[in-house]
Amino acid sequence: ADARFTIDPDFAIGAVDPRLYGTFVEHMGRCVYTGIYQPDHKTADAAGFRGDVAELVRELGTPLVRYPGGNFVSGYHWEDGVGPAADRPRRLDLAWRSIETNQVGTNEFLGWARDMGLEPMMAVNLGTRGIDAARALVEYCNVPGGTAWSDLRIKHGVSEPHAVKLWCLGNEMDGPWQTGHKTATEYGRLAAETGKSMHQVDPSIELVVCGSSNAEMPTFGSWEAEVLRHTYDEVDHLSLHAYYEEKGGDRASFLASGAHMDAYIADVVATADHVRAVRRARKRITLSFDEWNVWYADRFPGERKLDMAETPRLIEDTYSVTDAVVVGSLLISLLRHADRVAIACLAQLVNVIGPIRSEPGPNGASWRQASFHPFALTARHARGTVLRTEPSAGPRLDTAKYGEVDALDSVVTWDEETGALTVLAVNRDQEHGLTLRAALRGLPHDAYAVVEHLAIADDDPDAANTEAEPNRVVPRRIEGAQVTADGELEAALPPLSWNLLRLA
Ligand code: AHR
């Protein structure tokens, strides 16, 4: 079947903010320890960070990393993680019932991020702590010197301020599982006053306030409205979190997860704009989708009951071709909302539901999960301006969870300077291939040719990368895509596939 749409620079949605390609490092499981950091690994640098993992992080192309949690942050004393490493306490982390050794803390993480060219997005603890700890942390990180906390940082060997611009006011504070869970009113007031104090220390910082933990929370919608009622003037961004998984063999609905993400974003935008209208505010709140991914929560039942251990293996999902296609389509949804979604973080970066896996031990291997590929290719090529694609014709599919959806999910980016076009397209149909036909309008179409067509697709949609077979799932080159004489991009999309087409 054919699926048609038009590519036209007049259909601009907004500029691609590279911060849409953010990721997340939490002190959870093996994300930090034996993930990014492992001093006894053969590739470790002088600071103890793994060189092999760093190489994969660079290749992934993420420009921003959120840290240190997640649920972890809601019980975290950041002071435990600074100063001489030998003096740092071993703490019980209540969120994941793990032993936190504090060998990696603020200075180690921010030093790694700086060396890697990554923008940090720090979260403060609004579960068990509040205004004082948060403003002290901003002072420790961002004030050049001459005050107690900034001088302590200098004493700890970091003479230049870290200049952290982006801060999260807590994490998932609407969730009953959260240490220090609060009502919307309690959290809204605390977040407003904490944000005010943090701004008093450094007026240049941007703040993210917690929205709902997911769109299914009983307080969804009313939580956002109440929290923004208190914090609207103080904050820049409102957070969203969503994890998707295939349940009960319903792959058709799983492949349509982007429809859920689209609706979720639209509802949060509507709620934020409602508060704006009530307040007669000029400013618009943008969204920080600071946790999103595929996560098979059902596969790891009872992990919270684990006995306390250092670096337990937690939620180390292995991702399949199907999961990678869904990750690619969730990125399409995020790009489609580039006018309002300013920040997004794939959760997490390594081992813990990560696109990168690593094994411990001095010779521990590291490899790319299937989901690594659509993320890395999108981050590298989907740049410039996002162009809306409205399918004018094409097959529709029935899904149990989301009703009828288009078989083709797509978005286009256009680099105005070079003219380069990147078409991202998912064929959600598990049985049938699809011919994408996109008319190039308002562009010198006779100047365009297809540079490459890469796809994640496989005869076995459950195929995955493992330590033994790390390159089982890789992007495959597909021949035959072309721009026809009358200016139409024509490409054959395999069944159940994620595709990247580059035109120049
Ligand atoms: O990313 C794993 C966990 O998922 C985070 O700690 C929490 O914020 C979310 O519930």
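Any read-out appearing in this document is the output of simple, stated calculations on the displayed coordinates, not a laboratory observation. The structure presented is a predicted model; accordingly, all values stated were derived computationally and were not measured. All Cβ positions, glycine included, derive from the backbone under ideal geometry; neighbour counts span all protein chains shown.
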Taking every alpha carbon pair in the stretch 356-504 and sorting the distances into 10 angstrom bins from 0 up to the bin holding the longest one, the percent per bin comes out as 10, 36, 32, 16, 5, 1
Return the tail of the calculated pair distribution for the chain, meaning the percent of Cα-Cα pairs more than 44 Å apart.
-> 14
Calculate how many DSSP beta bridges within the stretch 17-381 are antiparallel, expressed in % of all such bridges and rounded to the nearest 5.
-> 20
Within 10 Å, count the other beta carbons around each residue, average over each peptide in 400-412, 478-490, and list them highest first.
-> 400-412, 478-490
Euclidean distance of C-alpha centroids, the stretch 1-70 and the stretch 317-362, integer Å = 8
The chain - percent relative contact order, Cα under 8 Å, separation 6 or more = 20
Counting only residues 5 or more apart in sequence or on a different chain, those whose built amide H sits under 5 Å from that of VAL352 are ARG30, CYS31
Taking Cα centroids, how far is the stretch 155-174 from the stretch 189-259 in Å?
-> 19
Inverse mean reciprocal Cα-Cα distance (Kirkwood Rh) of the stretch 163-297, Å = 15.6
Starting from the Cα-Cα distance between HIS181 and ARG299, subtract it from 0.36 nm times their residue separation and give me the gain in nm to one decimal.
-> 39.9 nm
Could you tell me which helices of the chain pass both thresholds, a Cα extent of 18 Å or more along their own axis and a mean Kyte-Doolittle hydropathy of at least 0.0, with helices taken as whole DSSP H runs?
-> 257-279, 321-336
Here the stretch 490-499 yields Karplus 3J(HN,Hα) values (6.51, -1.76, 1.60; θ = phi - 60°; whole Hz; Gly and Pro given as x) of 10, 8, 8, 9, x, x, 6, 9, 10, 10
Against the rule of thumb 2.2 N^0.38 Å, how large the Cα Rg of the stretch 5-130 comes out = 1.25
Cubic angstrom per residue, convex hull over Cα atoms of the stretch 52-126 | 104
Translational D in µm²/s for the stretch 95-151 (Stokes-Einstein at 37 °C, 0.692 mPa s, Kirkwood Rh from C-alpha pairs) = 250
